1. Report the full-extension gain for the segment Ile54 to Leu206: residue separation times 0.36 nm, less the Cα-Cα distance, to one decimal in nm.
2. Connecting C-alpha atoms closer than 10 Å in a GNM of the chain, tell me which of Lys252, Lys237, Lys21 has the biggest fluctuation.
3. So if I take the centroid of the Cα atoms in the range 25-98 and the same for the range 132-167, what is the distance between those two points in Å?
4. Please work out how much length the chain gains when fully extended from Lys21 to Arg80, using 0.36 nm per residue of separation minus the C-alpha to C-alpha distance, in nm with one decimal.
5. Find which of Asn165, Thr220, Phe210 sits farthest along the positive direction of the dipole of the chain, computed with +1 on the beta-carbon of Lys and Arg, -1 on that of Asp and Glu, about the Cα centre.
6. Mind checking which of Ser248, Ser208, Ser235 has the largest fluctuation in a GNM of the chain, springs on alpha carbons under 10 Å?
7. List every residue whose amide H lies under 5 Å from the amide H of Gly113, counting only residues 5 or more places away in sequence or on a different chain, with H placed 1.01 Å from N in the peptide plane.
8. Taking square-rooted eigenvalues a ≥ b ≥ c of the alpha carbon gyration tensor, is the chain rounded, prolate or oblate, where a/c under 1.5 means rounded and, failing that, a/b exceeding b/c means prolate?
Amino acid sequence: MKSMKDVKPVQLGLNSRFKFKCYPGISCFTECCGRIDIALTPYDIIRIKKRLGITSAEFLERYTRREIDEKSGLPLVFLRMPPENNHKCLFVTPDGCTIYTDRPCACRYYPIGQATLQREEGLGGTEEFYFLIKEPYCKGHEEATEWTVASWRVDQEPDLYDEMNREWKAMMLRRDSDARQAIDEKKQKMFFLASYDLDNFRRFVLESRFLDIFEVAPDTVQAITDDDIALMNFSFKYLKYLLVIEESLKLKEKVEPVQPAA
Ligand code: SF4
Ligand code: SF4
């Protein structure tokens, strides 16, 4: 069982070296795809739901479980690994991952773990670092192929995921370090909707009174109607507003009632 809690991380940089090779036929093949917490990001969900041709709500219902993060008070979503599937990921078969080219960012990095730290006050921004996950059952560490963290990243292609997830992860960190503002159930629901259930978030923006309340430029409305990535980026703005991190959305100016002529 792979649990970050059991692993003592040694911080690695991009030039740190490690030996590893994973391939079909290795004796432990797919053992790492069970009994593990794989937290999903908004971009992970966009990729997988598109791959499966289903809505975000269908994906969340069938393939994920939810938890409220103790530190931040925000909802997290994990890949479901139910007992009836032997605690295995629902996407794994004896031949490997069935969504391999759209697998989540955490699966891409494995056996490298990635963490993001909020820089000390005054330095601003966030800092990413890496660590090696060495499970006793994983035979890949006995192979001779040598990597640096940088060359592993080139091979596994997490760059686009990192870029897409950066703003959202920074928001999560910001919450971790600022527990002053309570997250009530309503905010948790809205956070879930805007982070993970993007198809319903789109309906919320376009079909509720949202556009009567907030100023949203017509080209942004068009973009979020047509494009999941534009919608995700807009959802980050909404989340910053919701979590009172930034005045990222503007309320429409109150229209004064027209005075009747004297
Ligand atoms: S070598 Fe490690 S990462 Fe590859 S299948 Fe085996 S357990 Fe999983
Ligand atoms: S998504 Fe694919 S790589 Fe990730 S745990 Fe599931 S089967 Fe394994």
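None of the figures in this text is laboratory data; all of them are computed from the coordinates on show. This is a predicted model, so every value here is computed, not measured. Note that each Cβ is placed from the backbone with ideal geometry, even for glycine, and that neighbours are counted across all protein chains shown.
1. 52.7 nm
2. Lys252
3. Computed from Cα coordinates, the inter-centre distance equals 19 Å.
4. Full extension of this stretch gives 18.6 nm more.
5. Farthest towards the positive end: Asn165.
6. Among Ser248, Ser208, Ser235, the largest mean-square fluctuation in the Gaussian network model of the chain belongs to Ser208.
7. Phe131, Leu132, Ile133
8. Because a/c hits 1.5 or more and a/b exceeds b/c, the chain counts as prolate.
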